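Visitor: The structure under discussion is supplied below as structure tokens; questions concerning it will follow.
Every number here is computed from the coordinates shown, using simple stated rules; none is lab data. Everything quoted here is computed from the prediction, not taken from an experiment. Here Cβ is always computed from backbone atoms with ideal geometry, including for glycine, and neighbour counts include all displayed protein chains.
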Amino acid sequence: MKSEITIKTVRCKGCGICVAFCPKAVLALSELGKVQVVNKEACIACGQCELRCPDYAIFVDKEAAK
Ligand code: SF4
Ligand code: SF4
């Protein structure tokens, strides 16, 4: 799927909430304690990561997924 995932790294505190709620294991925490996209093709643009992030650090472009 061609969803676009944007991560505002400076805002990410590495809490891992988005990683935990992603149903497709698209996200993971890096060694630097920031979220990163590790399996972009699996993204179903459900928006859970964006909805759950307490710091508005991750966004999903659902239009790009169509
Ligand atoms: S939109 Fe859904 S599937 Fe895609 S990265 Fe976020 S939680 Fe995972
Ligand atoms: S939920 Fe937000 S702050 Fe937490 S790891 Fe994900 S992007 Fe970073």
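Visitor: Residues in the stretch 21-50 that are in a helix (DSSP H, G or I) and over 10 Å from the mean Cα position of the chain (by Cα): how many?
Guide: Result for the stretch 21-50: 2.
Visitor: Taking the stretch 1-27 as the search range and keeping residues that are in contact with a helix residue (DSSP H, G or I) (Cβ under 6 Å, 6 or more places away or on another chain) and free of Cβ contacts under 8 Å to residues at least 40 places away in the same chain, which one is nearest to ligand 2 (Cβ to nearest atom)?
Guide: Among residues in the stretch 1-27 that are in contact with a helix residue (DSSP H, G or I) (Cβ under 6 Å, 6 or more places away or on another chain) and free of Cβ contacts under 8 Å to residues at least 40 places away in the same chain, the one nearest to ligand 2 (Cβ to nearest atom) is Ile17.
Visitor: Being out of contact with any Gly (no Cβ under 9 Å at 6 or more places or on another chain) and surrounded by 17 or more Cβ atoms within 10 Å (Cβ to Cβ): is that true of Gln36 here?
Guide: Answer is no for this residue.
Visitor: In the stretch 44-61, what residues are more than 12 Å from Thr6 (Cβ to Cβ) and within 9 Å of ligand 1 (Cβ to nearest atom)?
Guide: Those that are more than 12 Å from Thr6 (Cβ to Cβ) and within 9 Å of ligand 1 (Cβ to nearest atom): Ile44, Ala45, Cys46, Gly47, Gln48, Leu51, Arg52.
Visitor: What is the one condition in (1) in a loop (DSSP other than H, G, I, E, B); (2) buried (at least 16 other Cβ atoms within 10 Å of the Cβ); (3) among the aliphatic types (A, V, I, L, M) that Val10 does not satisfy?
Guide: All conditions pass for Val10, except number (2).
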